[in-house]
Structure formats: structure tokens, C-alpha cells
1. Efficiency by 1/(1 + (r/R0)^6): what FRET value for ILE189 and MET26, r their Cβ-Cβ distance, R0 = 25 Å, to the nearest 0.05?
2. Mind putting a number on the dipole of the chain about its Cα centre? Charges go on the C-beta only, +1 for Lys and Arg and -1 for Asp and Glu, and I need it in Debye to the nearest 20.
3. Neighbour counts of other C-beta atoms within 10 Å: give me VAL147, VAL110 arranged from fewest to most.
4. Can you tell which of ARG121, ARG63, ARG19 shows the greatest fluctuation in a Gaussian network model of the chain with Cα springs below 10 Å?
5. Mean Kyte-Doolittle of at least -0.5 and a Cα length of 20 Å or more along the axis: which whole DSSP H helices of the chain meet both?
6. Can you give me the relative contact order of the range 66-191 as a percent, contacts being Cα pairs under 8 Å and 6 or more apart?
7. Given points 7 Å out from each Cα along the Cα-Cβ axis, report the MET78 to LEU90 separation in nanometres with one decimal.
8. Under the rule of -39500 (n - 2.57) per DSSP H run of 4 or more residues, summed and divided by the residues of the chain, what mean residue ellipticity at 222 nm is obtained, to the nearest 500 deg cm²/dmol?
Amino acid sequence: MAHSTPLVTALGGNDTITRKLVMVLMGSLLVAASAQITVPMFPVPMTLQTFAVMLIGLTYGSRLAAATMVTYLAQGAMGFPVFAGGAFGLAPLMGPTAGFLFGFVAMAFVLGWLVERGFGRGILMFVATLIATALLFVPGVIWLQAVTPLTLQGAFMAGAAPFLLGEVLKAAVAALIVIGAFAALKERIKG
């Protein structure tokens, strides 16, 4: 499959370290803000975090998206209230949601990697988002099973099954937003 360009690269501009640092900071703040929009569920709250991670993965490319998620986790570990419900510190990085939090790094990287390899247009963007989201559930469910008395099936039913439909909807909306942004950029370049 042909390589393709993430949206931030297609937008152009200087590819300086300063620009990349600002993008990482802005992306991590977007994830932090989206984490505060929650629908209470047990044991893992449903937030808009995955939606923000999808947008970052779809637009930043693999390395910059992963760096953004590592920065987000580091901000939380350092005491900034960036996790769901304003949580911070090391406890969320060791509790029932830790697998999902660390899974954000893999999700963002894989999504950016798929975009860079041709999944950055049309229906393929939606497929890439679904693949990366499915991968998020692997460390999330395994960790949830490891730190709770739940069986693997129980962990899946508690930590993944209730969120599947919402994740498909978030994936569709994220893909549509980025597809629309590419279309607007193409029109701007033409005009």
C-alpha cells in the first residue's frame, strides 16, 4: 500500500522541533480536556478520551501521536489532573484503567502508522480507526483482569463490551472530521 501523509504534514509549515513540541502539548491538553467529559460506568468510565486519541492518531502520524500520549501519561504521573474525573498521580497508572491509559500510546501509534501507510483516506481511515481501537482493548482488558477478581471474559464484559458501540460511533465521527479536513485543504489548495 502506498505511503500517505498525515494531515498535519499536509498542512505544511515549518517542521521544527518547536512546532512539534507545541503540537504534542496541545494534543495532550485535548486528551486531558476530553477525559473530563465522562459517562459514569463501572469499573471503567466512558469518556471522550478515545475520540481525542483517534483524532491525534489520524492527524499527527505515528511518532508524534505516540509522543503526545506519552506526554499525557507523564503529565498525569507528575500530578496534573488530566485523567478521567480529574484523577492524577501514579494510582490511575496502576489501577483498573491503567491498561487503557497505556493502550492510548499503542492506539495512537498504530493509527498514525496505518495512516502513513495509505489508510488515511476515505473508508480506509474508518477501518484504520477501528483496528487501532480494537488494539486498545487488548491491554485494557488484560490489565483489568489482572488487577481485579474478574475472569478474562468478565473483564471483557465489564471493560470492553459496554463501550464497543460508542467506540464505533466515535471512530466514524473522527474519520469523517479528518476526511472533511482533507477535503477542505484540497479545495483551499485548488482555489
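1. After rounding, the FRET efficiency stands at 0.60.
2. Charge dipole, the chain, about its Cα centre: 440 debye, nearest 20.
3. VAL147, VAL110
4. ARG19
5. Correct list, ordered by number: 17-35, 62-77, 98-114, 122-147, 164-190.
6. 21
7. About 1.7 nm, to one decimal.
8. So the calculated ellipticity at 222 nm is -22500 deg cm²/dmol.
Bear in mind these aren't lab numbers, they're just calculated from the coordinates by the rules spelled out. Since the model is a prediction, treat every value here as computed from it, not as a measurement. For neighbour counting, all protein chains shown are included, and Cβ atoms are generated from backbone atoms with ideal geometry for every residue, glycine included.
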